[in-house]
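Trainee: Pasting a structure below so you can have a look.
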Amino acid sequence: MAKAYLGLGSNMGDKKKYLDDAMDFIEEHGGIKVNKVSSYYETEPVGYEEQDLFLNIVAEIDTTLEPYDLLAYCNTIEERLNRKRIIRWGPRTIDVDILLYENYTSVDDTLTIPHPRMLERNFVMVPLYEIADHIIIDGTKIHDIINELNKNGIRKVSHE
Ligand code: X6L
Ligand code: MG
Ligand code: MG
């Protein structure tokens, strides 16, 4: 079994429902066991700013899937939840990213692990730190990455 971290985001329609539906698809896969899920975070859009706020979460999984098979399943979830790619970095019903997969590193047109520029993105690092405060990424303790990060534009939300 490999330990991996997934980052999920939504900024269209019922954002929480899209995140929860995506987590249901993840949980129902026989080769994936969900260990931990972060709180929900409302986050300001990064990259392309003329769009709605995002809701972001991070999940820790154990999986028998190899990285490319896990990626294919993430893409299947995006298709099932009707993701359309119209504007680069634009609005989406759901985005499911592989952030980390064991200590695997891959730089490839279809899959880059760790996820590109994740260390600079508070909408990834803050929820990740909540559920994995001990991990080391690219040789740096997550605690040290978090300390250097600007935490503006991110707010933990309680949906009851
Ligand atoms: C310069 C150039 C600086 C590009 C930043 C950052 C591009 C992030 C794309 C960038 C740049 C991205 C989410 C988001 C996106 C999300 C929030 C991306 C891809 N996804 N903003 N923006 N949450 N808050 O999940 O991450 S688009
Ligand atoms: Mg993505
Ligand atoms: Mg993304």
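The values are calculated or read from the model by the stated rules, or taken from the named source; none is laboratory data. In this text the structure is predicted, and so the values were computed from the model without any measurement. Heads up, the Cβs are rebuilt from the backbone with ideal geometry, glycines too, and the neighbour counts pull from every protein chain shown. Keep in mind that these areas ignore ligands, DNA and RNA; they rest on the heavy atoms of the full protein, side chains included. Shrake-Rupley method; radii C 1.70, N 1.55, O 1.52, S 1.80 Å.
Trainee: Looking at (1) assigned to a loop (DSSP other than H, G, I, E, B); (2) within 14 Å of ligand 3 (Cβ to nearest atom); (3) open to solvent by less than 90 Å² (accessible area, probe 1.4 Å); (4) farther than 21 Å from residue 3 by Cβ, which is the only condition residue 111 fails?
Mentor: Every listed condition holds for residue 111 apart from (4).
Trainee: Take residue 37 and tell me if it is surrounded by 14 or more Cβ atoms within 10 Å (Cβ to Cβ) and within 15 Å of ligand 3 (Cβ to nearest atom).
Mentor: So residue 37 does not fit the description; no.
Trainee: Select from the range 68-86 the residues that are modelled with pLDDT of 95 or more and part of a loop (DSSP other than H, G, I, E, B) and list them in ascending order.
Mentor: 81, 82, 83, 84
Trainee: Among the residues in the range 89-99, are any modelled with pLDDT of 95 or more, in a loop (DSSP other than H, G, I, E, B), under 13 Å from the mean Cα position of the chain (by Cα) and under 22 Å from residue 20 (Cβ atoms)?
Mentor: Among the residues of the range 89-99, at least one is modelled with pLDDT of 95 or more, in a loop (DSSP other than H, G, I, E, B), under 13 Å from the mean Cα position of the chain (by Cα) and under 22 Å from residue 20 (Cβ atoms), which makes the answer yes.
Trainee: Also, I was wondering about something else. Suppose we filter the range 136-156 for residues that are open to solvent by 20 Å² or more (accessible area, probe 1.4 Å) and farther than 22 Å from residue 55 by Cβ; how many remain?
Mentor: Total satisfying the criteria: 9.
Trainee: For residue 81, all conditions in the list (1) out of contact with any helix residue (DSSP H, G or I) (no Cβ under 8 Å at 6 or more places or on another chain); (2) open to solvent by 10 Å² or more (accessible area, probe 1.4 Å) hold save one; what is the number of the exception?
Mentor: (1)
Trainee: Can you report the number of residues in the range 84-96 which are open to solvent by less than 30 Å² (accessible area, probe 1.4 Å) and either more than 16 Å from ligand 1 (Cβ to nearest atom) or without any contact (Cβ under 8 Å) to a residue 60 or more places away in the chain (or both)?
Mentor: 1
Trainee: Count, please, the residues in the range 114-125 that happen to be surrounded by 12 or more Cβ atoms within 10 Å (Cβ to Cβ) and either charged (D, E, K, R) or at pLDDT below 95 (or both).
Mentor: Total satisfying the criteria: 2.
Trainee: May I ask you to list the residues in the range 1-20 that are open to solvent by 40 Å² or more (accessible area, probe 1.4 Å), out of contact with any Pro (no Cβ under 7 Å at 6 or more places or on another chain) and in contact (Cβ under 8 Å) with a residue 40 or more places away in the chain?
Mentor: Result: 1, 3, 13, 16, 18.
Trainee: Any chance the range 58-78 includes a residue that's within 15 Å of ligand 1 (Cβ to nearest atom), without any contact (Cβ under 8 Å) to a residue 12 or more places away in the chain and surrounded by fewer than 15 Cβ atoms within 10 Å (Cβ to Cβ)?
Mentor: Looking through the range 58-78, none of the residues is within 15 Å of ligand 1 (Cβ to nearest atom), without any contact (Cβ under 8 Å) to a residue 12 or more places away in the chain and surrounded by fewer than 15 Cβ atoms within 10 Å (Cβ to Cβ).
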